1. Among the residues of the stretch 110-121, is any within 22 Å of residue 203 (Cα to Cα), away from the ligand (no atom under 11 Å from the Cβ) and of a type in the set (Asp, Glu)?
2. Just the residues that are touching a strand residue (DSSP E or B) at 6+ places or on another chain (Cβ under 8 Å) and either without any contact (Cβ under 8 Å) to a residue 40 or more places away in the chain or part of a helix (DSSP H, G or I) (or both), please, taken from the stretch 28-53.
3. Could you figure out which of (1) surrounded by 15 or more Cβ atoms within 10 Å (Cβ to Cβ); (2) at pLDDT 95 or above isn't true of residue 45?
4. Working only within the stretch 285-298, note down all residues that are away from the ligand (no atom under 16 Å from the Cβ) and more than 27 Å from residue 120 (Cβ to Cβ).
5. For the stretch 257-272, which positions are among the basic types (Lys, Arg) and near the ligand (Cβ under 8 Å from one of its atoms)?
6. I need the full set of residues from the stretch 219-237 which are free of Cβ contacts under 8 Å to residues at least 40 places away in the same chain and within 19 Å of the chain's Cα centre (by Cα), in order please.
7. Just checking, how many residues over the stretch 72-100 are crowded, with 21+ Cβ neighbours inside 10 Å and more than 18 Å from residue 152 (Cβ to Cβ)?
8. Would you mind finding the one in 92, 81, 87, 58 that is aliphatic (A, V, I, L, M), under 24 Å from residue 167 (Cα atoms) and touching a helix residue (DSSP H, G or I) at 6+ places or on another chain (Cβ under 7 Å)?
Amino acid sequence: MKKYKILITGADGLVGSAIRGLGLEDAVYLTRGDVDLTDFDRTKEKFLEIMPSRVIHLAAKVGGIGGNINHSGDYFRNNILINTNVLEAARLAGCEKLISFMSTCVFPDKCTYPLNEKNLHDGPPHFSNLGYAYAKRMLDVQSTAYRNEWGCNYIVAIPTNIYGPHDNFSLIEGHVIPALIHRMYLAKKNGAHFNVWGTGDPLREFVFADDIARLAVWALDNYPEETPIIFSSQKEVSIKDLVGMIAEKFNFKGDVVFDSNKPDGQFRKPSDGSKLNSYLSDFKWTLLDEGLDRTIDWFVKNYENSKH
Ligand code: GFB
């Protein structure tokens, strides 16, 4: 494998923590505490100090449906600033290849299924993701514009809903899996009922953070195309079935209450993983059952100091 210095932004986050576990050689892990990526001068200074030849750009302002609906402006502004600064600082540092990340929630709300990379800009995203989705779509635009003007080899991956240890387990701002694990932990501890947002009918495709970490490194070294690539296990599960799996893992016997006053968000967003499969037909995805076990174990062990 060619030796090069690789920089990972967002290195303390969900996928960043999983990448640390890969033991990459000559890697520099940037965390929120190292530099404010919304400040261009500080970002440029840090990149010129490190001079990475490769970058895995994971830093972002992210959250679940609650965070996205309540902080649309903050999600838009922070992600636009972070992404604009990182891609420019990487260019000035002479970076040879950079991968950044959108997610399947950025696709148009009204479009043909399964979601395909070529339909990315064919209409507005679901209103619940407006700020985040439009900011993230600009990663594709900026990567193309930089390739056209300066020949920057910038690529963008589009994972589905990622979960795993080191996620944000906030009951309000977190994604569905960490939020439900946290809420189930409390329901079990307090002998209370288990509250679930929405009807439970929506469907989601979940992928384990370790799998996305492996795919990020694979794409950096092997994905030759200029256009975005979806990372998807293509396995949909309903929120209701997810709730059943989590309740079983906690051996929860109490009442499960679906709160239809809370938003369902997009009903489903099944994605087309054929581009990835054409390169990695034998990629082994972590099954949801195993991923939930590992995430729950991590959360329970780290409850006192996890983000929530
Ligand atoms: O992960 P999530 O919040 O976001 O999942 P999206 C939302 C779905 O889970 C909705 C249900 O159908 C919710 O009704 N749900 C049930 C809950 N209980 C809860 C709960 O306690 N917390 C949360 N959060 N949901 C995300 C985007 O959309 O997709 C992200 O918000 C990201 O930015 C991700 O792009 C891929 O799946 O709706």
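The values are calculated or read from the model by the stated rules, or taken from the named source; none is laboratory data. In this text the structure is predicted, and so the values were computed from the model without any measurement. Don't worry about glycine lacking a Cβ; one is built from the backbone with ideal geometry, like all the others, and counts go over all protein chains shown.
1. Yes, the stretch 110-121 has at least one match.
2. Of all residues in the stretch 28-53, those touching a strand residue (DSSP E or B) at 6+ places or on another chain (Cβ under 8 Å) come to 28-30, 37, 47, 50, 52-53.
Answer for the stretch 28-53, where residues must be touching a strand residue (DSSP E or B) at 6+ places or on another chain (Cβ under 8 Å) and either without any contact (Cβ under 8 Å) to a residue 40 or more places away in the chain or part of a helix (DSSP H, G or I) (or both): 28, 29, 30, 47, 50.
3. (1)
4. Result: 287, 289, 290, 293, 294, 297, 298.
5. 262, 269
6. 236
7. 2
8. Result of the check over 92, 81, 87, 58: 58.
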